[in-house]
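Any read-out appearing in this document is the output of simple, stated calculations on the displayed coordinates, not a laboratory observation. Worth saying up front: this structure is predicted, and the values here are computed from it rather than measured. Heads up, the Cβs are rebuilt from the backbone with ideal geometry, glycines too, and the neighbour counts pull from every protein chain shown.
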Amino acid sequence: MSSAIPEIPNGSVTSPRGFTAAAAHAGLKTDGTPDVALLVSSTSCATAGVFTKNALRAAPVVYDADLLSERPGRMRAVAMNARIANACTGADGLAAARAMAQAAEQAAGLPPRTALVLSTGVIGVPLPVAQIAEGLRTAAAGLTAEGGVDAARAIMTTDTRPKHHAVRFETPAGMITVGGIAKGAGMIHPDMATLLAVLTTDAVGEPALLQPVFRRVVDRTFNAISVDGDTSTNDTALLLANGAAGIDPARDGALARQFEDAVLAVARTLALAIVTDGEGASKLVEIQVVGAVSEASARDVGRAIARSTLVKTAIYGADPNWGRILAAAGAAGVALAVDRLTLEAAEDGEWLTLAAGGATAHPDAARARAIFQQKTIRLRIDLGLGRAEAVVWTCDLTPDYVRINADYTS
């Protein structure tokens, strides 16, 4: 980002003007906590969406992608549920997604085909539409401009805390706000977005201009995190712009860049919150890949390291096994010059060289282990091939990850 953008304390998806939200319990979660959420805009929104590349796309993904291709400038709401993904549910699942959208539109008094739907949870279970519709009616009756944090809580599954953030910056014509919520802790290795993320702004936008901005942001945030190497059937990220601020960033180059920085700031915070909250995670790992021929190839190398089970277990055990890291980089499918590879790890702002020329640099063993014992570990791999770079984030793999996922449906 070009400059720091002021954060809004306890900000969320309803921090931008014209957005309200609420959550309700529909009986999907057994502990009685909210499991359904509804986000509504006072006016139509230009909307950008990025969806999973998993071939088994869940019904909500199919429904939303089709709706956005038809009317990307007319969205008014997003209906969300936890606990049941409505994935691998066939034609009945698509009908259920459509019914869920209609229930949200009716509950909020909106025109037909103006609501998007997001679902997360167990795959292969039919969506209980009647229960969710009742929950959406309850939520619609309680919509407020403070309801964004409640919505973030409602869509949690194995998350241990809600994920929400917002920023606001000044322009010559007034203030622009960007906010968002997200959920995710496991089944995270996005190939487009992350489990569920909804960003909003009161800036004016056109779908054709918002989409490339959001795609760039997603690639540098939600597509740059990995918890376990699994890409979900339900991965969806949305950006809704309702224009309530009356300011169009696209009319000025500098303002357009500032707006993209603001969207990036919110998405990055949400993405890091997801990977930090990875199922059973105890450490955050930042992987900087520099010296690449392209940003895409740098990201591919970073993602290969981030999804390596051997790297992640070494991180958990505070084992500075640099060979695993280079081996993972070599499996990325990117052409590398082994004799140009350098691998470093950071300690108090200083870099310790673990490997150079693709071979050991004979680092001080005690110092290397101390670095890998930190709660936040920074790695930098220089490919020595060009000037492009990228950053990817991951977490360690702990016994708790196995425990959580061994009994997920029970």
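Could you give the size of the charge dipole of segment 19-276 about its Cα centre, using +1 on the Cβ of each K and R and -1 on the Cβ of each D and E, expressed in debye and rounded to the nearest 20? Could the numbers behind the result be given before it?
On the way: 21 positive and 23 negative charges, 6 e Å.
That gives a dipole near 20 debye.
In nm, give the distance between the simple-model label positions of VAL122 and GLN374, each being 7 Å from the Cα along the Cα-to-Cβ direction.
If labels sit at VAL122 and GLN374, their model points lie 4.2 nm apart.
What nm distance separates the two modelled labels at THR43 and GLU70, each placed 7 Å from Cα along Cα→Cβ?
My value for the distance between the label points is 2.5 nm.
Go ahead and collect, in residue order, the members of segment 77-93 whose backbone nitrogen is under 16 Å from a label point 7 Å along the Cα-Cβ direction of VAL62.
Residues 85-93 qualify, since their backbone N sits under 16 Å from the label point.
For segment 284-406, take N as its residue count and report Rg(C-alpha) divided by 2.2 N^0.38 Å. It would help to have the intermediate numbers written out before the result.
Details: Rg = 13.8 Å, N = 123, 2.2 N^0.38 = 13.7 Å.
That ratio works out to 1.01.
Using only the Cα atoms of segment 54-184, what are the Rg and Dmax in Å?
So, for segment 54-184, Rg and Dmax equal 15.6, 51 Å respectively.
Across the chain, how many lysine pairs, 8 or more positions apart or on different chains, have C-alpha atoms separated by under 23 Å? Please give the number.
Taking the chain as the scope, the lysine pair count is 12.
Between segment 372-395 and segment 281-305, what is the C-alpha centre distance in whole Å?
What the calculation gives is 5 Å, centre to centre.
Given bins 5 angstrom wide, list per bin the percent of all Cα-Cα distances in segment 93-140, short to long.
For segment 93-140, the binned pair fractions read 5, 23, 33, 25, 10, 4, 1 percent.
Using modelled amide H (1.01 Å from N, peptide plane; none on Pro or chain starts), what sits under 5 Å from the amide H of GLY147, excluding residues fewer than 5 places away?
ALA21
Taking Rh as the Kirkwood radius computed over C-alpha pairs, what is the Stokes-Einstein D of the chain at 37 °C in a medium of viscosity 0.692 mPa s, expressed in µm² per second?
On the way: Rh = 21.6 Å.
After rounding, the answer is 152 µm²/s.
Counting each DSSP H run of 4 or more residues in the chain as -39500 (n - 2.57), what helix-only mean residue ellipticity at 222 nm follows after dividing by all residues, to the nearest 500 deg cm²/dmol? Please report the intermediate quantities before stating the final value.
Details: 11 runs with 133 residues, N = 410.
Taking each H run of at least 4 residues, the total per residue is -10000 deg cm²/dmol.
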